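Notes for the one structure printed next.
Nothing in this text is a laboratory measurement; each read-out follows from the coordinates by a stated rule. Since we're looking at a predicted model, the values are computed, not measured. When we count neighbours, we look across all protein chains shown, and the Cβ atoms used for this are built from the backbone with ideal geometry, even at glycine.
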């Protein structure tokens with residue numbers, strides 16, 4: 001929610017689509033798709049946020065394939081890919097990560113609970129260094145939606161310490177007690 005709210009507020013986005021992936025190839029052990037969708041439903045998303053099943057519906061497994069299909073399906077939309085700073089560090093492990101950077105503007109958002117050393121590691125990561133020339137200052141983040149990729153920014157909003165993992169754990173403990 002922290003990343004999505006920051007995207008709406010700081011980037012001036014019309015809406016945020018929550019992408020629930022059927023299976024993240026980098027996370028072999030995940031809760032079921034149905035339970036992850038339910039976790040998002042339980043958040044009671046604001047009206048400008050919607051759950052998207054496009055990856056499931058498109059039959060895509062990789063982000064690059066989903067981005068290509070979405071841009072083809074909605075050619076008049078201006079997409080911005082939102083990701084937590086931890087994902088910027090691991091981006092080079094993703095299929096066609098350079099093509100992702102060159103396909104859609106990206107907003108990297110510092111996550112709660114990150115140590116300053118983790119933030120520094122994200123900003124000095126392979127992907128950040130490779131695309132340093134395309135980085136937009138945080139003060140100009142509101143222009144990102146109109147820029148042609150590659151373009152990205154790193155946002156450091158006030159951090160909320162509640163992570164999605166903590167929320168799921170608390171819900172599980174609560175349901176186990178019922």
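According to a simple spin-label model (label point 7 Å from Cα along Cα-to-Cβ), what is the distance in nm between residue 15 and residue 35?
2.9
Could you order the peptides 95-103, 46-54 from most to least packed, using the average number of other C-beta atoms within 10 Å per residue?
Result, highest mean first: 95-103, 46-54.
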